[in-house]
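Novice: First the structure, which I've put down as structure tokens, then a few questions once you've had a look.
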């Protein structure tokens, strides 16, 4: 084998080595990029818990300042013990008779005929859900009681805002529906 052929063989071997090095380098870069993307997705999608809302112990009451179109005034009373919502009372009071809506059988029958729920059932579902979730934004709308749900969430949000500040009181807010 002459010098020229030896040089060709050496060049071929070096070319093969360079091709292998390039292939390994490409795999390394792809693997590194894939790892970076995966890690960024894991960090971006991690479920960091919100800092828990801390309520101050006490009783927080809120009601609307006027009756709705049917003569009822919504009101809520929330008890906080050990920074947790432990009891919620939500009801409507008749502006004239002072009767509670949950005691009004006629209203319950009319509501049930129209929506397949009653004020008592809707109130219980809403209050139980708030105690369970400890978060008014996680309380689902009660089917057939959309206005009741809106009233409950509006009143409860004000009461819970007061509980965050630790200012127990009986607050009256504008009815705007």
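Novice: State whether the residues of the range 78-93 include one that is modelled with pLDDT under 95 and more than 17 Å from residue 53 (Cβ to Cβ).
Specialist: No, the conditions are met nowhere in the range 78-93.
Novice: Do you know which residues across the range 87-133 are within 30 Å of the chain's Cα centre (by Cα), loosely packed, with under 12 Cβ neighbours inside 10 Å and in contact (Cβ under 8 Å) with a residue 24 or more places away in the chain?
Specialist: 114, 116
Novice: Which of the numbered conditions does residue 140 fail, given that it passes all the others? Conditions: (1) touching a helix residue (DSSP H, G or I) at 6+ places or on another chain (Cβ under 7 Å); (2) in contact (Cβ under 8 Å) with a residue 24 or more places away in the chain; (3) surrounded by fewer than 16 Cβ atoms within 10 Å (Cβ to Cβ).
Specialist: Evaluating residue 140 over (1) touching a helix residue (DSSP H, G or I) at 6+ places or on another chain (Cβ under 7 Å); (2) in contact (Cβ under 8 Å) with a residue 24 or more places away in the chain; (3) surrounded by fewer than 16 Cβ atoms within 10 Å (Cβ to Cβ) leaves (2) as the failure.
The values are calculated or read from the model by the stated rules, or taken from the named source; none is laboratory data. Quick caveat: nothing in here was measured; it's all calculated off a predicted structure. FYI the Cβ positions are ideal-geometry reconstructions off the backbone, even for glycines, and counts take in every protein chain you see.
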